[in-house]
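Each reported figure results from applying straightforward, stated rules to the coordinates on display, with no laboratory input. The structure presented is a predicted model; accordingly, all values stated were derived computationally and were not measured. Virtual Cβ from ideal backbone geometry, glycine too; neighbours counted across all protein chains shown.
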Amino acid sequence: MLNINAQTSGLKEAMEPLAAFGKRLPNAQANVLNRMLTKTRSAVVPALTRQTGLSRKIIDRAVRTARASPQNPRVMIITRGGEISFRYFGAHEVPGGVAATVRGKADFVEGGFRRSGPRGRRVMVSKLNGQVYVNTDGKRWRGHIRVEKSGVFIPYDLVSGQTAATFNRLVETDLVSEVEREIAKLLPVAGH
């Protein structure tokens with residue numbers, strides 16, 4: 001299983017002002033972290049959708065969150081999975097192979113196929129499961145095929161490119177304001 005950690009150096013420093021609130025600190029930390037998690041996921045999912053070329057529905061299912069609690073002041077954006085099959089990028093048969101749009105660019109699998117049957121009467125067959133296949137025996141058909149993959153790994157894309165830049169920008173710009181907002185809520189009570 002692939003495990004990638006992305007942490008922000010400014011996180012600990014930004015949370016330090018909350019230490020002045022003693023016993024109420026765990027709740028304050030959890031509130032700040034959960035608000036940031038919601039904001040971050042809302043920004044990262046569309047960025048990841050644009051970056052990979054996958055549908056929003058697929059990315060929504062792939063990106064999960066783990067929220068903070070007073071006992072566990074930690075949030076996570078979690079995704080897992082291997083290389084995404086070519087079929088999820090709008091793959092369709094064209095003369096000579098299969099075309100799709102991967103990472104926003106046209107991609108072509110020469111000799112690829114998704115349907116079965118003779119030319120002119122090709123149909124989708126449930127046995128092929130909508131995947132894109134390539135004959136591994138060359139020109140002559142002997143029944144040896146492999147599923148064609150796209151080269152896209154959602155976990156890697158989550159921590160690279162525009163998606164990572166979106167995450168870092170949000171943490172750098174919004175985290176401090178979220179901490180200040182929580183301090184403002186606690187100050188009137190802290191003075192008593």
State which entries of K23/K185; K57/K185; K39/K105 exceed 25 angstrom in Cα-Cα distance in the structure shown. K57/K185; K39/K105
Aspartates and glutamates with Cα under 16 Å of K149, excluding same-chain neighbours fewer than 8 positions away: E83, E93, D107, E110, D157
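Rank the residues V123, V152 as a footprinting-exposure proxy: fewest other Cβ atoms within 10 Å of their Cβ go first. Numbers along the way, then the final one.
Details: V123 7, V152 20.
Listed from fewest to most nearby Cβ atoms, that is V123, V152.
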